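Trainee: Please find one structure pasted underneath; my questions will follow.
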Amino acid sequence: MTGAITTRLFSSLLVVLGSSMLVFIIMYLLPGDPVLIMLDGNASTPEAIASLKSHLGLDQPFYVQFYRYFIHLLQGDFGVSRVNGDLVLPKILEHLPATLTLTLVSVSVSLVVGILLGVLSAIHRNGVIDFAARFIGLFGISMPAFWTGILLLLLFSIQLGWFPAMGSDGWKTLVLPGLTLGLIGAGFIVRMVRNTMLEVLGEPYILTLRAKGLSERSVMYGHALRNSLIPALTMIGLTVGELLSGTVVTETVFARQGIGRILADAILSKDIPVVQGVIFFTAMIYVLTNLIVDISYSFIDPRVRRSQLKGGV
Amino acid sequence: MNKRRASNWMKFVLVSAAFVLVLTGCASSKGAGDTGTPKAAAEGSGSSSSSGGELSYALATSPDSLDPGKSGYAVSHRVFRNIYDSLVSELPDGTFKPWLAESWTKSADGKSYTFKLRHNVKFHDGTPFNAAAVKATLDHTQTLTGQARTLIGPFKSAEVISEDTIKVNLTEPFEPLLSGLSSAFLGISSPKALQQYGEQYGKHPVGTGPFKFVSWSENDQIVLEKNAEYNWGPPIADNKGASHLDKLTFKIVPEEATRIGSVQSGQVLAAETVPPQNILTLKNDPNIKLDTAITNGTPYTLYFNTSNAPWSDLKLRDAVRSAVDVDTIVKTLYLGTYQRAWSVLTPGILGYDASLENSVKADAAKANQLLDELGWTKGADGIREKDGKKLTLRYLESSPNREKRNDIAAIVQQQLKQVGVDVKLTITKDTVTPLTQGEYDLVGNSQVKADPDILRNLFRSDRVYGKGGYNYVKLNDPGIDKLLNQGYQETDPEKRKAAYAQIQQYVIKNALALPIYVFPYTVAHSSSVEGLKFDLLGYPQFYDVTIRK
């Protein structure tokens, strides 16, 4: 088990490093001279441009720049923002908690709403609840975050005044953005849970359980649901990526702090070190979440635990 | 079973219909401008008298730095104007009054100014305000490339004559100096804080202004509080003592629906940059007041690159100008809330030539006739050709998200297509390359400045792009250079005005530029907010603001 986790950790590290390198290459290949952009093409002599270039190491060939970037990264040095000279790492660490909290709340909303509606929908197959749940699921998947966000904002903040429209202090500011993002994930999970529940309910062992005289409640929640959760969990691992990209829009709509908004600003001003830093952390969160999901399989499904024990080095 | 399923379907349809109704219901009542009852006078504003309380003000973008020497953004100025005072204050009529300087004299050659400074003024960190502080601030601007450095022009040195006397030396006469010094970009910083925070000063600003800096949480808010000792306000303010407000909080809210909705629901007391469609709605809202101020400088203008053939030809440029219907553009896009521009200066700036108003008009027939005369004939695709070359115009736009500038580009493209000109549109934030290489025929730009000397940066032959200037037109006319120099060196305001009038007429006569609109700075605020004023540049002034109970 520990061996399996170590292997996974190692491969996760490779994924994070690989994605950082990919971003470096993409940013390198993008048109536009970062130094000229920094200087706004103005008030600068060719000497000034050259000196700034060499100061930033941008006069070096690609492989030297890449090597330097990589070595610095391994040492935990993310560089400084080209816009205002802020250190990238502290800047990201300052804004990361807000994004993590939002992601956590959204994942919780996705899980609770998704599993609840999915189960209800499967139990009351083709009933009103089923149709309503599927409608909400479809709504969550198909509506872009900024649209859902603005609808929720108009209704619950501006019309009804229940929750603040902006800010990042306190749980109240988390409700609307959490719902906005959570509904996206919930949409996927509702459909997933409903389908697997229906599939599981058709399995012969459910018939056996019922024949043994187990209560319907125990059949549903003790056996059918538990067996339907694995695909839902996998889904969570995948939707975290979706949620993280959704934070870019959601943080802007609800004027929240977070790395999504920093990323958007950095891309617009071609602040490459900041973009790279944020991508690094985003990749890290994504990989870690999927690792946790993988590990949690073994808690839910004894078969996975056993096979990992056998196969583990 | 079938029957049951059918009734379930009915229920589902009803439920979802109700859901949709709830959503659209709230949307339509929004559209009608009936926002219900905004929860009166919002959070934190629980003042019982006309004094005290907190003003929350939603900004559309975030300042980059609160170091006035470093920043070039209007939004930074809106925030740090409250933290810093200036040596002089510019009145709406373009004259100057004492502020931190009690009086000043200009040397006979116009190359040095001596300021007598006010006594008993203290910075927020307790440092006394004196000549050394002014020198430290002015020297600081020279180490950076911000707006401040441009505003102070040919600055040579600052000499401390005595504790309360400072002499500013220039390399040549520079008439816009006082105007520059009146801006918060040249607001006076605490020398102690400049020293203490170094590179990080932009996050720890210390001035002598009516508000002290408290905190800045990035992308969230900037909090300022009242400077209780303040009694050296500018002459344009009614207030003579400390600010009426206890607290001034700038929230950074990029999404316009959120920003405007928050004012309507009372979650903030004021919000800037109101989109035109909301202006009309908010005008009918009894709880909201709408303020508009003209931002002075150059209006949003499309500049021709006259160094590129065939656009070096005046007649061809004139044809394009005749084909572009600016009235329609401005009316369609801004619903009557923006003013059309007629010159390359805004009305309200010294030297604005009002005689240019209505001097050009859209006339597609004339455009066609001019193009025919020049020998450009329409090809099979409707685009004109001459000697096997198509008539194309490369249009460069760098701020598409501002004030629907991308829509202007699209309409111009359509209008020019009608007369057979093919517009190749490039919308990009990265304009450095095309501008440096001259790969454009038309480019849009606007600038904020209180002095007409701004034109020097746009039209003097040496002010080329990449060397500190914005001569998009690539104009190289010794006569205009002379007038532009006269404009900033001449001491007689009447002569300055005359020089600038000549320059503006020249630009329009030669169809070097197509002025489009004058940008109004708009603020929507709760009707409980009183005394909000705007300075010459359209920047809001919070010192006189009170919040009614």
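Trainee: Tell me which residues, restricted to region B:238-264, are in a loop (DSSP other than H, G, I, E, B) and at pLDDT 90 or above.
Mentor: Correct list: B:ASP238, B:ASN239, B:GLY241, B:ALA242, B:SER243, B:HIS244, B:LEU245, B:ASP246, B:VAL253.
Trainee: Restricting to region B:156-211, what's the tally of residues that are in contact with a Lys or Arg (Cβ under 6 Å, 6 or more places away or on another chain), open to solvent by less than 30 Å² (accessible area, probe 1.4 Å) and of a type in the set (A, V, I, L, M, F, W, C)?
Mentor: The total comes to 3.
Trainee: Residue pairs, Cβ under 9 Å, 6 or more apart or interchain, first in region B:434-457 and more than 14 Å from chain A (Cβ to nearest Cβ), second surrounded by fewer than 18 Cβ atoms within 10 Å (Cβ to Cβ) and among the β-branched types (Val, Ile, Thr). List them.
Mentor: B:ASP441/B:THR392
Trainee: Given the condition away from chain B (no Cβ under 13 Å), farther than 30 Å from A:ASP77 by Cβ and touching a residue at least 60 places away in the same chain (Cβ under 8 Å), answer yes or no: does some residue in region A:274-293 qualify?
Mentor: Scanning region A:274-293 turns up at least one residue that is away from chain B (no Cβ under 13 Å), farther than 30 Å from A:ASP77 by Cβ and touching a residue at least 60 places away in the same chain (Cβ under 8 Å).
Trainee: Quick one: count up the residues across region B:395-421 that are buried (at least 18 other Cβ atoms within 10 Å of the Cβ) and among the charged types (D, E, K, R).
Mentor: So the count comes out to 4.
Trainee: Please go through region B:126-184 and give me each residue that is within 14 Å of chain A (Cβ to nearest Cβ) and within 21 Å of B:TYR201 (Cα to Cα), ordered by number.
Mentor: B:THR141, B:GLN142, B:THR143, B:LEU144, B:THR145, B:GLY146, B:GLN147, B:ALA148, B:ARG149, B:THR150, B:LEU151, B:ILE152, listed by residue number.
Trainee: Please enumerate the residues belonging to region A:93-116 that are surrounded by 21 or more Cβ atoms within 10 Å (Cβ to Cβ) and within 14 Å of another protein chain (Cβ to nearest Cβ).
Mentor: Scanning region A:93-116 gives A:HIS95, A:ALA98, A:THR99, A:LEU102.
Trainee: Now for a different question. Consider B:ASN278 against the criteria (1) more than 13 Å from chain A (Cβ to nearest Cβ); (2) open to solvent by 10 Å² or more (accessible area, probe 1.4 Å); (3) within 21 Å of the chain's Cα centre (by Cα): it satisfies all of them except one. Which criterion is unmet?
Mentor: Condition not satisfied by B:ASN278: (1).
Trainee: In region A:118-129, is there at least one residue being touching a Phe, Trp or Tyr at 6+ places or on another chain (Cβ under 7 Å) and within 26 Å of A:ARG256 (Cβ to Cβ)?
Mentor: no
Trainee: For residues that are under 20 Å from B:LYS389 (Cβ atoms) and in contact (Cβ under 8 Å) with a residue 40 or more places away in the chain, tally how many sit in region B:403-417. Break it down stepwise before answering.
Mentor: Quick first cut of region B:403-417, residues under 20 Å from B:LYS389 (Cβ atoms) only: B:413, B:416-417.
After this cut, where a residue has to be in contact (Cβ under 8 Å) with a residue 40 or more places away in the chain as well, the list is B:416.
Counting residues in region B:403-417 that are under 20 Å from B:LYS389 (Cβ atoms) and in contact (Cβ under 8 Å) with a residue 40 or more places away in the chain gives 1.
Trainee: Separate question: When you go through (1) more than 21 Å from A:SER106 (Cα to Cα); (2) away from every other protein chain (no Cβ under 14 Å); (3) modelled with pLDDT of 80 or more one by one for A:ILE300, which number turns out not to apply?
Mentor: For A:ILE300, the exception is condition (3).
Trainee: Restricting attention to region A:192-202, does a residue exist that is under 19 Å from A:GLY118 (Cα atoms), of a type in the set (Lys, Arg), away from chain B (no Cβ under 11 Å) and touching a helix residue (DSSP H, G or I) at 6+ places or on another chain (Cβ under 8 Å)?
Mentor: Taking every residue of region A:192-202 in turn, at least one turns out to be under 19 Å from A:GLY118 (Cα atoms), of a type in the set (Lys, Arg), away from chain B (no Cβ under 11 Å) and touching a helix residue (DSSP H, G or I) at 6+ places or on another chain (Cβ under 8 Å).
Trainee: Of all residues in region B:480-534, how many are assigned to a loop (DSSP other than H, G, I, E, B) and over 22 Å from the mean Cα position of the chain (by Cα)?
Mentor: Summing the residues that are assigned to a loop (DSSP other than H, G, I, E, B) and over 22 Å from the mean Cα position of the chain (by Cα) in region B:480-534 gives 8.
Trainee: Name the residue, out of A:GLY161, A:GLY170, A:GLY85, that is out of contact with any strand residue (DSSP E or B) (no Cβ under 6 Å at 6 or more places or on another chain), more than 26 Å from A:ILE259 (Cβ to Cβ), open to solvent by 20 Å² or more (accessible area, probe 1.4 Å) and assigned to a loop (DSSP other than H, G, I, E, B).
Mentor: Checking each option against the conditions leaves just A:GLY161.
Trainee: Restricting the search to region A:113-129, which residues are part of a helix (DSSP H, G or I) and touching a residue at least 40 places away in the same chain (Cβ under 8 Å)?
Mentor: Step one: list which residues in region A:113-129 are part of a helix (DSSP H, G or I), which gives A:113-123, A:128-129.
Residues satisfying the conditions are A:VAL113, A:GLY114, A:ILE115, A:LEU117, A:GLY118, A:VAL119, A:SER121, A:ALA122, A:ILE123.
The values are calculated or read from the model by the stated rules, or taken from the named source; none is laboratory data. What you are looking at is a predicted structure, and each value in this text was computed from that prediction instead of being measured. Cβ coordinates were reconstructed from backbone atoms using ideal geometry, including for glycine residues, and neighbour counts include every protein chain displayed. Ligands, DNA and RNA are stripped out before the accessible areas are found, and what is left, the full protein with its side chains, is counted by its heavy atoms. Shrake-Rupley method; radii C 1.70, N 1.55, O 1.52, S 1.80 Å.
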